[in-house]
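Written below as structure tokens is the structure these notes are about.
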Amino acid sequence: MKQLNEFSIFSNLKQYDTVLGEAVYSSEEVKDKLKNIIEKSSLKSVYNQLSYLIDENIILPCYTSPNFIRSLMNKVFSNKIDKKSYGLYSKNHKKIYIFMSNFSKMFFFVNKNKLIKTLTHELMHYCCAKETSRFISIFKKDLLKFYKTFFINFFEEGENIVENRNLSNILNFLMMNFELRSNINHTALYNYAYVLEKNIQIDDMILKRESIVHLLSPVKIYLQSPKTYMNAITSNQNIRHIITSIYKSYHKINVNSLPDTIPIQEIIFPSEIIAIQSMYDFNNKHIQLLKGI
């Protein structure tokens, strides 16, 4: 039997914010309902920290239009809970939103486990932006292991393809030029190609440059249109090779289930790696990060 939680009708809903041009509505009752779920979940050890974020509207469970919910399926940073609810960390607002369809407020069910996993996922993005140094300090080993495995598999080379100091150079570049920026332009991708060329050790320069193009071209497509990228997965052998390399890298950090998010973000957003890890292998390192909020 599925583990379900009933959201009955809430009173005193009022507009709390506007996200991507869409009004969102909440109330103290809705916020308290989320607190109750957290208190009985895997996040209970950081209940006080998360309760404070809810009180400050940094974590906001809210209602919005079903059309807006559906549109989030094509957004870069959306995280589906079910057909009528999504989680989203907004870099511009510096907030986490749990969106629910306003058609559901009379009688709404949500899977509590999936809700908590989604909230945990978005909290990793939030903490990465707010506590960047601590985030890197806690998860650097996992991130380096992931990226090393990815580059070995994608470039189909041996262990010597990239040393840890080179991996650190790549990680630092990604944090400064992708992770912590709200707007990403094509120049960042060109610079990324240069950083990879400089730090990846492949003797055949022509082969290396061709492989880097094969890696970053799908990233460019994804940034322009996630839907176009998703539609190309089944027909594009290069994209499938990228996805396979990503999945093999997750196994190295104890994520043994295939993530149901779009498999490409990891190449440019390090926090996505830890966000996925937190959903499938929630451990003391994630708690340590959250306790420092």
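The values are calculated or read from the model by the stated rules, or taken from the named source; none is laboratory data. Quantities reported herein were computed from a predicted structural model and do not represent experimental measurements. Heads up, the Cβs are rebuilt from the backbone with ideal geometry, glycines too, and the neighbour counts pull from every protein chain shown.
Within region 273-293, track down each residue that is out of contact with any Ser or Thr (no Cβ under 7 Å at 6 or more places or on another chain) and without any contact (Cβ under 8 Å) to a residue 60 or more places away in the chain. First the steps, then the outcome.
Of the residues in region 273-293, the ones out of contact with any Ser or Thr (no Cβ under 7 Å at 6 or more places or on another chain) are 273-275, 277, 281, 283-285, 288-293.
Those that are out of contact with any Ser or Thr (no Cβ under 7 Å at 6 or more places or on another chain) and without any contact (Cβ under 8 Å) to a residue 60 or more places away in the chain: ASP281, ASN283, ASN284.
So for region 214-226 (the condition being hydroxyl-bearing (Ser, Thr, Tyr), in contact with a helix residue (DSSP H, G or I) (Cβ under 6 Å, 6 or more places away or on another chain), more than 17 Å from PHE151 (Cα to Cα) and at pLDDT below 95), does at least one residue qualify?
Within region 214-226, one or more residues are hydroxyl-bearing (Ser, Thr, Tyr), in contact with a helix residue (DSSP H, G or I) (Cβ under 6 Å, 6 or more places away or on another chain), more than 17 Å from PHE151 (Cα to Cα) and at pLDDT below 95.
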Problem set entry | Selected residue (only one of TYR229, TYR192 is buried (at least 16 other Cβ atoms within 10 Å of the Cβ), of a type in the set (Ser, Thr, Tyr) and at pLDDT 95 or above) | TYR192
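In the list TYR52, TYR63, which residue meets the criterion of being more than 19 Å from the chain's Cα centre (by Cα) and modelled with pLDDT of 90 or more? If you could, list the steps in order and put the result at the bottom.
Numbers: TYR63 fails: modelled with pLDDT of 90 or more.
Of TYR52, TYR63, the one residue that is more than 19 Å from the chain's Cα centre (by Cα) and modelled with pLDDT of 90 or more is TYR52.
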For this session: Inspect all residues belonging to region 206-214 and state whether any of them is touching a residue at least 40 places away in the same chain (Cβ under 8 Å), crowded, with 18+ Cβ neighbours inside 10 Å and either among the hydrophobic types (A, V, I, L, M, F, W, C) or outside the structural domain of ILE246 (by TED's automatic domain parsing) (or both).
Result: no
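Condition check ((1) under 24 Å from ILE58 (Cβ atoms); (2) buried (at least 16 other Cβ atoms within 10 Å of the Cβ); (3) among the polar types (S, T, N, Q); (4) at pLDDT 95 or above) across all residues:
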{"residue": "MET124", "(1), (2), (3), (4)": "yes, yes, no, yes"}
{"residue": "TYR147", "(1), (2), (3), (4)": "no, yes, no, yes"}
{"residue": "ILE152", "(1), (2), (3), (4)": "no, yes, no, yes"}
{"residue": "ASN160", "(1), (2), (3), (4)": "no, no, yes, no"}
{"residue": "ASN164", "(1), (2), (3), (4)": "no, no, yes, no"}
{"residue": "ASN172", "(1), (2), (3), (4)": "no, no, yes, yes"}
{"residue": "ILE200", "(1), (2), (3), (4)": "no, yes, no, yes"}
Exercise. Is it the case that some residue within region 172-183 is under 16 Å from HIS125 (Cα atoms) and charged (D, E, K, R)?
Worked result: yes
Exercise. Do you know which of the residues in region 248-266 that are within 15 Å of the chain's Cα centre (by Cα) and modelled with pLDDT of 95 or more is farthest from GLN277 (Cα to Cα)?
Worked result: GLU266
Exercise. Looking at LYS291, is it among the basic types (Lys, Arg) and surrounded by 15 or more Cβ atoms within 10 Å (Cβ to Cβ)?
Worked result: no
